[in-house]
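Okay, structure first, notes after.
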Amino acid sequence: MRKLGYPTFAIISLALAPTAFGQSAWTNYAKSALHGAESTTAAQPLSGIHWQTPVDLYPQDAAGDPAARSNGGNEILIHYGSPLITVANTVIVPLKTGAHGSFSVTAHNAGSGDLVWSLPSDYILPPIFGWTPVFGPALTAKRVYFPGAGGTIIFRDSPDAINAAEGRLAFYGLANYQANPEGFNSSVYINTPLTSDGSGNIYFGFMVRGTSPLAGLTSGIARISADGQGTWIAVTTAAADSSMTEVSINCAPALSWDSKALYVAISNGSAGYLVALNSTTLAPVARVRLKDPKSGNDADLSTDSSASPTTGQDGDVYYGVLENPFPENNDRGWLLHFNADLSETKIPGAFGWDETASVVPASMVPSYTGTSSYLLMTKYNNYIDLGTGNGENRIAIQDPNATETDPITGVAVMNEVLSILGPTPNPAGGVKEWCINSAAVDIPGKSIMANSEDGNLYRWNLTNNTLSQSIALTGGIGEAYTPTVIGVDGTVYAINDAILFAIGN
């Protein structure tokens, strides 16, 4: 769904160590802490729906009214958290259980969909307006973590087991929380999905509104180590800018290719920075102001966006923003592009609104003749009712190291290697838009799994540039963009109309 309305310090060079693709488990939003959404397991054919389960028991319409939504409202203004998959093939599902909040995490057998366990959270949504933010868990080898009230983290050991130990952690000290839970619950809010690394550490953004019970605690970025030790840094310190107020809403932190740096966007509610922090100490490493490539103005870091950084195999970092002035780029935004230490601004992508770019090995595209080792897949919608938009809503493969002139803005942008038009006519003109914030990359199958607002899941075959398979999930619904996931057995998971569908043979 498109958007509605509308001091310097030393740069540390980040050495890049060769690393294989992530483990077969889907542990984070967009699969790993790099957010590339690459699956080394081939996706099953889109032949049937194995099972389905709700991700929202009270989906809301455009006015935020669950009753109206249940009586035929046609929009759901919420970003749903990504399902996660363990190595043993248990599906972890974040579930909204109340009309205006209230969440649980459920675990399902991937083959049958049967419930394995369920654990409620006391998480309280941050006090913002617009689309409902993400409630986003993360997996490690031994635990599943998810947000709790007051900036705390709830965990469950042994995610595949029917019974297991549970607990709570606080990055500022659990004893502090237990001394005044009401005070923390009303002032400290996790406002991003969690991100986990391969060593069992987790990272997230939090905001403080009003005065917390702990003196000096302000909005920032937190790390909790595998042994439960918490560290945090204020957004004002991380960005070296006293005007910053929060980590960008829904921005899941990303790690560098060598896991030494942590990338996250920081905002004053509209403009801000992409920062790099030491992933162990959270000490500031680098920062770059996020700018509109055409106007030179500060880019818009909308609170309705779920864009998160993606790290490429060469260490480059990509982050999606909204244009300023709006709608200079037909509400498409920009995919900003930087080198690993953020010292060089590189070729932008022509679309970045509410987008986390997926990484596509160049070998997946037989027609590609360029020199890049990897390409990027993004939405490429061109909304009919904004600017000069014509409703030709596409998805695209782009070369991050080659340019073309964008026909809408005249800016030099990443070269379009392949693109494909959505197949379903839109009554307002053009075609239905692609309803994704992160699309799954099927490396063995040389294809992309992409969800559409027409209610279908599609396989985009990159060998012959066709939508070679599709399956109808619902009649179609306007909703905030959703992630697509590939399980360890090749089952594909997609969300449409507040339901998670497991699709395959």
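In table form, for the structure just shown:
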quantity	calculated
Strands (runs of 3 or more DSSP E) fully within the stretch 319-391 counting 2 or more residues that are open to solvent by 10 Å² or more (accessible area, probe 1.4 Å) and either at pLDDT 95 or above or within 24 Å of Trp460 (Cα to Cα) (or both)	none
Those residues of the stretch 96-118 which are open to solvent by less than 20 Å² (accessible area, probe 1.4 Å) and either over 23 Å from Asp489 (Cα atoms) or of a type in the set (A, V, I, L, M, F, W, C) (or both), in sequence order	Lys96, Gly98, Gly101, Phe103, Ser104, Val105, Ala107, Ala110, Trp117
Residue selected from the stretch 67-85 under the condition over 21 Å from Ala307 (Cβ atoms) and surrounded by 16 or more Cβ atoms within 10 Å (Cβ to Cβ), by the criterion modelled with the highest pLDDT	Ile85
Single condition Ala238 does not satisfy, out of (1) of a type in the set (A, V, I, L, M); (2) part of a strand (DSSP E or B); (3) surrounded by 24 or more Cβ atoms within 10 Å (Cβ to Cβ)	(2)
Among (1) under 17 Å from Ser305 (Cβ atoms); (2) of a type outside the set (Ser, Thr, Tyr); (3) over 23 Å from the mean Cα position of the chain (by Cα) - the single one Ala271 does not satisfy	(3)
Residue that is farthest from Ser259 (Cα to Cα), among those in the stretch 287-318 that are small (Gly, Ala, Ser), surrounded by fewer than 24 Cβ atoms within 10 Å (Cβ to Cβ) and under 22 Å from the mean Cα position of the chain (by Cα)	Gly312
Some residue of the stretch 183-190 being touching a Phe, Trp or Tyr at 6+ places or on another chain (Cβ under 7 Å), modelled with pLDDT of 95 or more and surrounded by fewer than 20 Cβ atoms within 10 Å (Cβ to Cβ)	no
Residue in the stretch 285-298 that is in a loop (DSSP other than H, G, I, E, B), charged (D, E, K, R) and within 24 Å of Val359 (Cβ to Cβ) present	no
Subset of the stretch 255-284 (residues that are β-branched (Val, Ile, Thr) and open to solvent by 10 Å² or more (accessible area, probe 1.4 Å))	Thr280, Thr281
Filter pass, Gly230 being crowded, with 24+ Cβ neighbours inside 10 Å and of a type in the set (Gly, Ala, Ser)	no
Qualifying positions in the stretch 425-435 - surrounded by fewer than 24 Cβ atoms within 10 Å (Cβ to Cβ) and in a loop (DSSP other than H, G, I, E, B)	Asn426, Pro427, Ala428, Gly429, Gly430, Lys432
Selection within the stretch 247-273 - assigned to a loop (DSSP other than H, G, I, E, B), among the small types (Gly, Ala, Ser) and within 23 Å of Gly198 (Cα to Cα)	Ala252, Ser256, Ser259
Residues located in the stretch 141-158, provided they are open to solvent by less than 10 Å² (accessible area, probe 1.4 Å) and part of a loop (DSSP other than H, G, I, E, B)	Gly148
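Here is a yes/no grid of residues against (1) at pLDDT below 95; (2) assigned to a strand (DSSP E or B); (3) open to solvent by 10 Å² or more (accessible area, probe 1.4 Å); (4) touching an Asp or Glu at 6+ places or on another chain (Cβ under 8 Å):
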position	(1), (2), (3), (4)
Glu404	no, yes, yes, yes
Gly410	no, no, yes, no
Pro423	no, no, yes, yes
Asn437	no, yes, no, yes
Val441	no, yes, no, yes
Ala450	no, yes, no, no
Thr463	no, no, yes, no
Ala494	no, yes, no, no
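Okay, residues lined up against (1) charged (D, E, K, R); (2) modelled with pLDDT under 50; (3) in contact with a helix residue (DSSP H, G or I) (Cβ under 9 Å, 6 or more places away or on another chain):
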position: Pro7; (1), (2), (3): no, yes, no
position: Ala10; (1), (2), (3): no, yes, no
position: Ser32; (1), (2), (3): no, no, no
position: Asp65; (1), (2), (3): yes, no, no
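The values are calculated or read from the model by the stated rules, or taken from the named source; none is laboratory data. Everything numeric here is computed off the predicted structure, so don't read it as measured data. Neighbour counts run over all protein chains shown; Cβ positions are idealised from the backbone, glycine included. SASA here: full protein model, heavy atoms, side chains in, ligands and nucleic acids out. Shrake-Rupley method; radii C 1.70, N 1.55, O 1.52, S 1.80 Å.
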